[in-house]
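A.B. asks: Please see the structure below; I have some questions.
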Amino acid sequence: MARRRQIYEGKAKVLFEGPEPGTLVQYFKDDASANNNTKRGVITGKGVLNNRISEYLMLRLGEMGIPTHFVRRLNMREQLVREVEIIPVEVICRNVAAGTFAKRFNIPEGQPLPRSVVEYYYKSDELDDPLVSEEHITAFGWATPQDLDDIMSLTLRINDFLSGLFLGIGIRLVDFRLEFGRLWENDEMRIVVADEISPDSCRLWDTKTGEKMDKDRFRRDLGRVEEAYQEVARRLGILPEGGPRDLKGPEIMQ
Ligand SMILES: Nc1ncnc2c1ncn2[C@@H]1O[C@H](COP(=O)(O)OP(=O)(O)O)[C@@H](O)[C@H]1O
Ligand SMILES: [Mg+2]
């Protein structure tokens, strides 16, 4: 039954070899982890919803000229993406103080920042994803100054676009995390958005009630986690018909 080769199993997704060279299949799991993997659980239906939400957001970004790894959704839990050379840096863009940022600077959670702040964290489970500066990134060769220029300007464009998109559906984009990768095409290299954009990687607060609609509901045991992910999908107009039930296998559907 070994249909294809598994390349990597992460905390939220599994990567398989794709049907053509240079492609990968991203399988979205229901597994959730937090606090550097010390808290683990399952959010039923999360994989189905994140697959849809990330597809939707990557497509919208593509339409405004932001290059992404997304090719097409294959089924309820899988999407085809371009294989990229992942830059081992998590890029966080913050509009409002929350989480570790609020703690680090002793700012009340929910306080708007004077301007959007972009931070870099080195992707390393062993080291607990430490905060790093451009100096560390260029000195260790994780990315060049030119890569970082591209990453910064893409991140700010994405922030403006997603902030507006979410505001239109009554959601405040508090902060979000991006991963970028290098995509080579005939000796030309482009930096593209990779991984996923979903309530796992964004802080999303209802504009009226302030209610959290993201993975903080899981991290902080706030309950109604599944419902929050569903509500984000519903407001985006992409709740899978019949609810986020699973399909038994990776059946291709269009
Ligand atoms: N287009 C891509 N090409 C290669 N690797 C990717 C691509 N998009 C995402 N990845 C990597 O695949 C993994 C996704 O699985 P995930 O469960 O999120 O892993 P992790 O536990 O490392 O966060 C991440 O390590 C991410 O960097
Ligand atoms: Mg991940």
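A.B. asks: Give the number of residues within segment 134-167 that are over 18 Å from G65 (Cβ atoms) and open to solvent by 70 Å² or more (accessible area, probe 1.4 Å).
C.D. replies: Going through segment 134-167 one residue at a time, the tally reaches 8.
A.B. asks: Another question, then. When residues of segment 60-82 are filtered for being within 15 Å of ligand 1 (Cβ to nearest atom), open to solvent by 10 Å² or more (accessible area, probe 1.4 Å) and part of a helix (DSSP H, G or I), how many remain? Show your work before the answer.
C.D. replies: Step one: of segment 60-82, the residues within 15 Å of ligand 1 (Cβ to nearest atom) are 61-62, 66-74, 77-82.
From the residues that got through so far, the ones that are open to solvent by 10 Å² or more (accessible area, probe 1.4 Å) too are 62, 67-68, 70-74, 77, 82.
Those left that are additionally part of a helix (DSSP H, G or I): 62.
Within segment 60-82, residues that are within 15 Å of ligand 1 (Cβ to nearest atom), open to solvent by 10 Å² or more (accessible area, probe 1.4 Å) and part of a helix (DSSP H, G or I) number 1.
A.B. asks: What is the one condition in (1) near ligand 1 (Cβ under 10 Å from one of its atoms); (2) under 24 Å from E226 (Cα atoms); (3) of a type outside the set (K, R); (4) part of a strand (DSSP E or B) that N37 does not satisfy?
C.D. replies: Only one criterion is unmet by N37, namely (4).
A.B. asks: On to the next question. Is it true that V132 is touching a Ser or Thr at 6+ places or on another chain (Cβ under 6 Å) and modelled with pLDDT of 95 or more?
C.D. replies: Numbers: touching a Ser or Thr at 6+ places or on another chain (Cβ under 6 Å): no; modelled with pLDDT of 95 or more: yes.
Criteria not met by V132.
A.B. asks: In segment 83-97, what residues are touching a Gly at 6+ places or on another chain (Cβ under 9 Å) and surrounded by fewer than 21 Cβ atoms within 10 Å (Cβ to Cβ)?
C.D. replies: Selection gives E83, E85, I86, V96.
A.B. asks: Anything in segment 30-50 that is out of contact with any Pro (no Cβ under 9 Å at 6 or more places or on another chain) and in contact (Cβ under 8 Å) with a residue 24 or more places away in the chain? List them, or say none.
C.D. replies: Within segment 30-50, A32, A34, N35, N36, N37, K39, G41, I43 meet the criteria.
A.B. asks: Now for a separate question. Do any residues in segment 86-111 that are under 16 Å from R219 (Cβ atoms) have Cβ atoms under 6 Å from those of residues that are in a helix (DSSP H, G or I), where the two are at least six apart or on different chains, and which pairs are they?
C.D. replies: Partner pairs satisfying both residue conditions: E109/A102.
A.B. asks: Additional query: Can you tell me which residue is farthest from the chain's Cα centre (by Cα) among those in segment 133-147 that are hydrophobic (A, V, I, L, M, F, W, C) and away from ligand 1 (no atom under 16 Å from the Cβ)?
C.D. replies: Filtering first and then ranking leaves A139.
A.B. asks: What are the residues in segment 99-124 that are over 17 Å from the mean Cα position of the chain (by Cα) and either crowded, with 18+ Cβ neighbours inside 10 Å or charged (D, E, K, R) (or both), if any? If you could, list the steps in order and put the result at the bottom.
C.D. replies: Within segment 99-124, the subset over 17 Å from the mean Cα position of the chain (by Cα) is 100-117.
Residues satisfying the conditions are F101, K103, R104, E109, R115.
A.B. asks: How many residues are aliphatic (A, V, I, L, M) and away from ligand 2 (no atom under 16 Å from the Cβ) when one looks only at segment 77-105?
C.D. replies: Of segment 77-105, the ones aliphatic (A, V, I, L, M) are 80-81, 84, 86-87, 89, 91-92, 96-98, 102.
Then drop every residue that is not away from ligand 2 (no atom under 16 Å from the Cβ), which leaves 80, 96-98, 102.
Looking only at that region, the number is 5.
The values are calculated or read from the model by the stated rules, or taken from the named source; none is laboratory data. Predicted model only: the values in this text are computed from it and were never measured. Neighbour counts run over all protein chains shown; Cβ positions are idealised from the backbone, glycine included. With ligands, DNA and RNA removed, areas are computed over all heavy atoms of the protein, side chains included. Shrake-Rupley method; radii C 1.70, N 1.55, O 1.52, S 1.80 Å.
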